[in-house]
Amino acid sequence: MRNPAVSASPNATQKKLFIVAGARPNFMKIAPILRELRRGAYPFAAKLVHTGQHYDKAMSDVFFEELEIPRPDYHLEVGSGSHAEQTARIMTRFEAICLRDRPDLVLVVGDVNSTLACSIVAKKLHIGVAHVEAGLRSGDRAMPEEINRLVTDAISDWFFVTEQSGLEHLLAEGQPRDRIHFVGHVMIDNLFHQVEKLAALPPAALGTTPLKQRFPEYGVITLHRPSNVDDPQVFSGIMAALAEVSQGLPLIFPVHPRTRGNLDKFGIAIPDSVVLTEPLAYMDFLNLFKDARLVLTDSGGLQEETTALGVPCLTLRENTERPVTVDEGTNTVVGVDPARIVAEATAILAGRGKQGCRPQFWDGRASGRILEALAVAV
Ligand code: UD1
């Protein structure tokens with residue numbers, strides 16, 4: 001793992017900032033913020049806290065290496081567990097380092113358990129909380145992430161939103177307008193940075209190049225939502241639909257650990273036209289999905305990354321907390337009805353997919369806007 005220090009002792013004009021990451025989708029969001037901080041243009045002495053919510057090399061370390069994220073100043077090593085167990089472990093361990101190091105400000109990203117746990121701890125210690133990717137709402141309180149979003153936003157002090165809907169939800173929930181900043185999306189900052197790096201790499205340097213050579217045209221699947229992969233009937237129905245789609249277009253499926261466990265447990269049959277891989281590193285995955293004819297996913301981030309790159313996306317959920325990807329981007333929310341999945345995929349392959357355009361402020365400069373706003377606010 002690389003080890004350039006992020007942290008520095010604060011001088012008299014600097015504030016101590018803790019940046020929190022815990023799970024895979026957090027890493028691409030903190031990377032551009034840390035990169036922007038390294039320019040030295042902001043009055044913060046930052047420390048990186050990795051809660052260890054994700055811990056496998058393929059779910060964590062490879063992202064630190066590829067996304068140029070420095071070694072964390074604190075690693076809380078909480079690991080997996082039930083929601084209560086995991087959240088409690090993060091809270092206990094994060095409280096200890098906050099008490100020891102007394103940050104002036106805690107920055108959390110996204111909607112995972114680490115986001116929720118660290119914002120509660122900070123707020124109860126009277127430390128300011130900045131939430132990046134605030135205000136998103138699926139309206140579905142059966143989703144653990146929706147609870148994490150609602151609670152984090154209820155207690156945050158500064159809100160950085162990626163799309164207009166985020167601003168509207170926060171205002172409707174009574175948050176003050178002057179604390180809400182519509183800045184665009186740090187994950188898109190990261191995406192553009194990595195696209196540039198990818199263009200400079202020889203194809204042979206990427207592990208997914210042989211798959212692209214084998215399949216000149218292909219689609220990509222990702223699935224990991226408990227509502228899709230923890231219920232045998234729902235998961236089997238989705239996989240039957242994807243098997244049918246794969247008759248017309250081979251599908252490549254990097255499998256999340258939760259999903260892998262359930263594929264084995266439920267004994268779901270996978271045809272040869274659906275190619276399973278291990279979870280992929282960021283560049284390998286980008287190399288794959290940027291040229292896909294179609295992406296089928298239940299990920300939040302991938303709905304946005306496909307919109308930013310103009311790749312057609314079918315979201316296998318009943319709702320999305322990222323409506324701009326549907327209203328302006330290439331995303332269609334299709335649910336999990338097998339017949340609908342097949343019909344929508346067929347339409348895209350017949351050339352009837354959405355064109356889409358890039359949403360406002362998704363221009364690679366969100367991290368700078370966030371740090372400028374915080375520098376004035378704190
Ligand atoms: C978590 C986030 C979800 C995010 C997803 C991305 C919450 C509530 N959920 O869900 O929002 O979209 O990460 O991946 O925060 N496991 C491993 N290795 C790891 C991590 C997990 O094998 O490094 C296995 C464990 O068996 C674990 C299971 O995967 O029990 C699920 O992991 P967990 O972090 O609980 O939830 P995710 O489904 O990954």
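The values are calculated or read from the model by the stated rules, or taken from the named source; none is laboratory data. As the structure is a computational prediction, the values presented were derived from the model and not from experiment. Counting neighbours? That spans all protein chains shown, and the Cβs are built from the backbone with ideal geometry, glycine included.
Taking the criterion of being basic (Lys, Arg), within 15 Å of the ligand (Cβ to nearest atom) and over 25 Å from Ala377 (Cβ atoms), would at least one residue in segment 89-105 satisfy it?
Scanning segment 89-105 turns up at least one residue that is basic (Lys, Arg), within 15 Å of the ligand (Cβ to nearest atom) and over 25 Å from Ala377 (Cβ atoms).
Take residues that are closer than 16 Å to Gln164 by Cβ and tell me which of the helices (runs of 4 or more DSSP H) falling wholly in segment 306-378 contain 3 or more. Outline the logic, then answer.
Details: elements: 324-327, 338-349, 366-377.
Answer list for segment 306-378: 324-327.
Would you confirm whether or not segment 122-143 contains a residue that is over 27 Å from Arg177 (Cα atoms), more than 10 Å from the ligand (Cβ to nearest atom) and not charged (D, E, K, R)?
yes
So if I check each of Ala377, Ala347, which one is touching a Phe, Trp or Tyr at 6+ places or on another chain (Cβ under 7 Å), farther than 23 Å from Ser138 by Cβ and either surrounded by fewer than 23 Cβ atoms within 10 Å (Cβ to Cβ) or not assigned by TED's automatic domain parsing to the domain that holds Ala130 (or both)?
When all the criteria are applied, what remains is Ala377.
Pairs under 6 Å by beta carbon, first residue within 27 Å of Glu305 (Cα to Cα) in segment 167-186, partner polar (S, T, N, Q), six or more apart or different chains?
The qualifying pairs are His185/Thr162; Val186/Ser367.
Conditions first: (1) in contact with an Asp or Glu (Cβ under 8 Å, 6 or more places away or on another chain); (2) not assigned by TED's automatic domain parsing to the domain that holds Lys290. Leu316 passes all but one, so which condition is the exception?
The one condition Leu316 does not meet is (2).
Based on what the data block shows, is Leu286 touching a residue at least 24 places away in the same chain (Cβ under 8 Å), more than 16 Å from the ligand (Cβ to nearest atom), assigned by TED's automatic domain parsing to the domain that holds Gly335 and not in a strand (DSSP E or B)?
Working: touching a residue at least 24 places away in the same chain (Cβ under 8 Å): yes; more than 16 Å from the ligand (Cβ to nearest atom): yes; assigned by TED's automatic domain parsing to the domain that holds Gly335: yes; not in a strand (DSSP E or B): yes.
It is true that Leu286 is touching a residue at least 24 places away in the same chain (Cβ under 8 Å), more than 16 Å from the ligand (Cβ to nearest atom), assigned by TED's automatic domain parsing to the domain that holds Gly335 and not in a strand (DSSP E or B).
List the pairs whose first member sits in segment 49-78 and is more than 12 Å from the ligand (Cβ to nearest atom), whose second member is of a type in the set (Ser, Thr, Tyr) and not in a helix (DSSP H, G or I), and whose Cβ atoms are under 6 Å apart, counting only residues at least 6 apart or on separate chains?
Note: pairs meeting the criteria are Val49/Tyr74; Asp73/Ser7; Leu76/Thr51.
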